[in-house]
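The values are calculated or read from the model by the stated rules, or taken from the named source; none is laboratory data. None of these values were measured; they are calculated from a predicted model. For neighbour counting, all protein chains shown are included, and Cβ atoms are generated from backbone atoms with ideal geometry for every residue, glycine included. Ligands, DNA and RNA are stripped out before the accessible areas are found, and what is left, the full protein with its side chains, is counted by its heavy atoms. Shrake-Rupley method; radii C 1.70, N 1.55, O 1.52, S 1.80 Å.
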Amino acid sequence: MKIPISLLELAIITEGSNATETMQKTKELAQLADSLGYNRFWLAEHHNMAHVASTATVVLIGYVASLTKNIRVGSGGIMLPNHSPLIIAEQFGTLATLYPDRIDLGLGRAPGTDSQTAQAIRKDFFEESQRFPKNVSALQNYFSLENATASVRAFPAEGTNVPIWILGSSMDSATLAAAYGLPYAFAGHFAARQMIQAFEFYRENFKSSEYLQEPKTMACVNVIAADTDEEAEILSTSLYQMFQNLVQNTRKPLQPPVDSLTDLMNDMSEEARFHVNQMTAGSFIGSKETLVKELKEFIRYSRVDELMISSPIYDHQDKLKSLRMLKEVVDTLTF
């Protein structure tokens, strides 16, 4: 059996670039992924980040869907406490009407930003985050045909059957996905520590539903492919710098690679190095030969049903090349 592979694009603005160029690059990535046979292309909601161009996630999803043909396009994710479930249903129902059977709705509980910005988005964010399970249920109702008799309806969402995924990086999300009988995606690209434990808990406690009869898991991890392990490691220094800047609260665009990952790590403080190593634990970096071995081992060990990758690579052509190489790698894997 072949494992499906998908792409999470964070639309990160690189050093010397801007939002306009980043959205053009995002379009090219989506079109390449579509032509190569990637399964999904997801975009994530972030706010108050000057170097992330996916703040208006729903708008970008529509843009990408309009420029591709077969690939599923969706959110990885929409941060539901920021929004009214009714509005999200209307937005994704509209997308699903325009692009039938191609829209996914991944939902997260976090704000996708800092606490001050979360308050600027919604004064009652904390209360809404506690209502996350109830709001997921509300969304399901808005998408159902049965909601046609309700006093509050979401047009044109009813009957569109937009697949809802629960996203997370902890056991809380695994608990909810299992209880609701929904597919579960884990954010291993920045928080891999609890990933295997969360998947095991989800499978063991999964309750079948009208939406899903058997557990369905997807792991999101960082993957950087190049002709040699050495070249891939150099490209990966942009990823490591990105997390270093996040840990140190140094807001910078994605930085160009440096010559030595070892030197980069040694120059960090002990605390920063610890956190960066934690955040990059779910990363696979190397040549095709290396990735075949490491990804096959990871997929067997984690027992995931689908692999989603994030590839923060500075040079656009290197990123396109990595995308091509990774598809070749995954096509060789059978389980």
Area of Leu235 that stays accessible when all protein chains are in place (1.4 Å probe, Å², to 10): 20 Å²
- request: Any chance you could look up the accessible area of Glu233 with a 1.4 Å probe, heavy atoms only, rounded to 10 Å²?
  value: 90 Å²
message: Strictly over 32 Å apart at the Cα level, which of Lys69/Lys216; Lys2/Lys134; Lys69/Lys252; Lys207/Lys293 would you flag in this model?
response: Lys2/Lys134; Lys69/Lys252; Lys207/Lys293
field: Cα radius of gyration and Dmax for the chain (Å)
entry: 19.3, 64
message: From the protein chains alone at 1.4 Å, what is the descending order of accessible area for Glu45, Glu15, largest first?
response: Glu15, Glu45
query: By the scheme Lys and Arg +1, Asp and Glu -1, what is the net charge of all other residues having a beta-carbon under 9 Å from that of Asp104?
result: +3
message: Report the gain in length on full extension from Asn205 to Arg303: 0.36 nm times residue separation, minus Cα-Cα distance, nm rounded to one decimal.
response: 33.7 nm
field: Ranking by accessible area, most exposed first, for Phe284, Phe92 with a 1.4 Å probe
entry: Phe284, Phe92
statement: With Cα springs under 10 Å, the Gaussian network model of the chain assigns the largest mean-square fluctuation among Leu32, Leu105, Leu80 to Leu32
task: Enter the angle in degrees (range 0 to 90, nearest 10) between the Cα long axis of helix 195-205 and the first principal axis of the Cα atoms of the chain, meaning the one along which they spread out most.
output: 30 degrees
query: So how far apart, in nm, are the two label points at Arg153 and Asn277 if each is 7 Å from Cα heading toward Cβ?
result: 5.9 nm
- prompt: Under the Kirkwood approximation applied to all pairs of distinct alpha-carbon atoms, what is the hydrodynamic radius of the range 76-203 in Å?
  reply: 15.2 Å
task: With no solvent and one equal point scatterer per Cα, compute the Debye intensity ratio I(q)/I(0) for the range 43-90 at 0.14, 0.25, 0.29 Å⁻¹ and report its log10, rounded to two decimals.
output: -0.37, -1.00, -1.15
- prompt: How much space per residue, in cubic angstrom, does the convex hull of the C-alpha atoms of the range 1-143 take up?
  reply: 123 Å³
message: So, taking all protein chains as they sit and a 1.4 Å probe, how much accessible area belongs to Arg324, in Å² rounded to tens?
response: 100 Å²
- prompt: Of all DSSP beta bridges located in the range 1-129, what percent are antiparallel, nearest 5?
  reply: 10 percent
query: Okay, helix-only estimate at 222 nm for the chain: each DSSP H run of n ≥ 4 adds -39500 (n - 2.57), divide by all residues, round to 500 deg cm²/dmol; what do you get?
result: -14000 deg cm²/dmol
